[in-house]
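Note sheet for the following structure.
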Amino acid sequence: MRLVFAGTPEVAVPALDALLASDRHEVVAVVTRPDAPAGRGRRLVASPVAERAEEAGIEVLKPARPRDEDFLARLREIAPDCCPVVAYGALLPKAALDIPVHGWVNLHFSLLPAWRGAAPVQHAILAGDEVTGASTFLIEEGLDSGPVYGVVTEEVRPTDTSGDLLTRLAFAGSGLLAATMDGIEDGSLEAVPQPAEGVSLAPKINVEDARIDWSAPALRVDRVVRGCAPAPGAWTLFRGERLKVMSVLPAVGRDGLAPGEIAAAKNSVHVGTGSHAVELQWVQPQGKKPMKAADWARGVRIAEGEHLGPAA
C-alpha cells in the first residue's frame, strides 16, 4: 500500500522505521505538527518524525491545522491507500479521514477501550494496572472509539516510569502497526468494534495533577512520581519553592513521620505519607539540575520537623 504516516514525537519514530523497512508498503509522505520553539534560545525545531522523514528523503507535510484546504488538496493528490498514525497530536476532520481508501489507522498505547485519550500510559501507572498494551484501530470521529484491528500486551513493572513503559510500547507497537498494514493490504484482518463495557478515559496530565499529596498512602505517592516521569514531573513545595521529586522508594517499616515530614540522615532522606514513609532518591530544586536527595538535604540543612507540601 501507499502510506502517509502521521506522527510527531520521538515515541512515533520506531513505528515509522518499521514501515520504512517493510517490503510490502511504501511510505510516500509524512504528516507532522509544525516546527515548535525549543531550548533556551526558543528557536524553531522540527519534530523527531519530521527529522527522520527528511533523513529518509520523504515528503514532509506540516499543516497548522489538518482541516487546511492546501493540506487536504495535497493529500488528495498523493492518494494514499492508508494513513497509519502514532501520536500525531491534532484532531483529524472528516474531510481528511475520508481521503485514504482504508482510512487512518491509529496505534494507541492502551488495551482499548481502556484509557482512551491523550495520556494512556500515565493513567495506567497512576491506576496501578499490572498489564497494559497497545492497540491498532480505525480512526472515526469519536475519541479513540473506532473498531480494533489488533493488540499487544505489556507487563507494567513495579519500578516503571511512564517514560520506561512508553518506550517499550513504542517498539512493541511498531511491529503491531506494520502487521496491521499487512493484514489490511491482503484482506486477512478485519476491525472488531470495541465493547461497550470497560471504557475509561485518560486526559492529559497537567502540572496540578502532578502535585504530590503527602497525606495519600505511600503506594499512591510512588505511582504519582512514576506516572508523571519524565513529564510533567511530580512536584511538591519546600520552603515555599517548587521541588521536583524524580524518584522515590517505598520504605515499609519506616513509620512515625507525619505526612510530608522530612527525616534526613547522612545518606538517606525519608518523607512521611498517609501510610508508611517513602525514601527520596532524586530531586530537582527550582532552577537547578537533578541531584541525589541526600546531597540536596545536606545543602539545604533540613531542620527537625520540616515538611514538604502545604505545611512548608
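The values are calculated or read from the model by the stated rules, or taken from the named source; none is laboratory data. What you are looking at is a predicted structure, and each value in this text was computed from that prediction instead of being measured. Every residue, glycine as well, gets a Cβ built from its backbone with ideal geometry; the counts of neighbours run over all protein chains shown. Heads up: the accessible areas ignore ligands, DNA and RNA and are worked out on the full protein's heavy atoms, side chains in. Shrake-Rupley method; radii C 1.70, N 1.55, O 1.52, S 1.80 Å.
Quick notes on this structure:
- Whichever residue in the stretch 37-82 is surrounded by 17 or more Cβ atoms within 10 Å (Cβ to Cβ) and under 21 Å from the mean Cα position of the chain (by Cα) and, among such residues, is farthest from residue 137 (Cα to Cα): 46
- Total residues in the stretch 149-162, condition loosely packed, with under 15 Cβ neighbours inside 10 Å and over 16 Å from residue 136 (Cβ atoms): 4
- Each residue in the stretch 176-229 was checked for being in contact with a Pro (Cβ under 6 Å, 6 or more places away or on another chain), over 17 Å from residue 108 (Cα atoms), of a type outside the set (A, V, I, L, M, F, W, C) and assigned to a loop (DSSP other than H, G, I, E, B), and 1 of them qualify.
- Residues satisfying the stated conditions in the stretch 107-129, i.e. open to solvent by 20 Å² or more (accessible area, probe 1.4 Å) and out of contact with any Asp or Glu (no Cβ under 7 Å at 6 or more places or on another chain): 111, 114, 115, 118, 122, 123, 126, 127, 128, 129
- Options 200, 162, 215, 188; residue that is in contact with a helix residue (DSSP H, G or I) (Cβ under 7 Å, 6 or more places away or on another chain) and polar (S, T, N, Q): 162
For every residue, the table says whether it meets (1) under 28 Å from the mean Cα position of the chain (by Cα); (2) hydrophobic (A, V, I, L, M, F, W, C); (3) assigned to a loop (DSSP other than H, G, I, E, B); (4) over 23 Å from residue 164 (Cβ atoms).
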{"residue": "244", "(1), (2), (3), (4)": "yes, no, no, no"}
{"residue": "297", "(1), (2), (3), (4)": "no, yes, no, yes"}
{"residue": "304", "(1), (2), (3), (4)": "no, no, yes, yes"}
{"residue": "309", "(1), (2), (3), (4)": "yes, no, yes, yes"}
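- Filtered by the rule that a residue be in contact with a helix residue (DSSP H, G or I) (Cβ under 9 Å, 6 or more places away or on another chain) and within 16 Å of residue 34 (Cα to Cα), the stretch 70-84 gives 71, 72.
A quick yes/no check of all residues on (1) at pLDDT below 95; (2) open to solvent by 20 Å² or more (accessible area, probe 1.4 Å):
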| site | (1), (2) |
| --- | --- |
| 229 | no, no |
| 232 | no, yes |
| 235 | no, no |
| 245 | no, no |
| 248 | no, no |
| 256 | yes, yes |
| 261 | no, yes |
| 271 | no, no |
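- If you check 136, 132 for being farther than 30 Å from residue 221 by Cα, of a type in the set (Val, Ile, Thr) and either touching a helix residue (DSSP H, G or I) at 6+ places or on another chain (Cβ under 9 Å) or open to solvent by less than 50 Å² (accessible area, probe 1.4 Å) (or both), only one passes: 136.
- Close contacts from the stretch 267-289, counting a first residue that is over 21 Å from residue 240 (Cα atoms) and a second that is open to solvent by 50 Å² or more (accessible area, probe 1.4 Å) and of a type in the set (Gly, Ala, Ser), with Cβ to Cβ under 6 Å and a gap of 6+ residues or different chains, come to 274/215.
- Strands (runs of 3 or more DSSP E) wholly inside the stretch 1-81 that include at least 2 residues being at pLDDT 95 or above: 2-7, 26-31, 59-61
- If you filter the stretch 273-294 down to residues that are surrounded by 13 or more Cβ atoms within 10 Å (Cβ to Cβ) and of a type in the set (D, E, K, R), you find that the one that is farthest from residue 215 (Cα to Cα) is 292.
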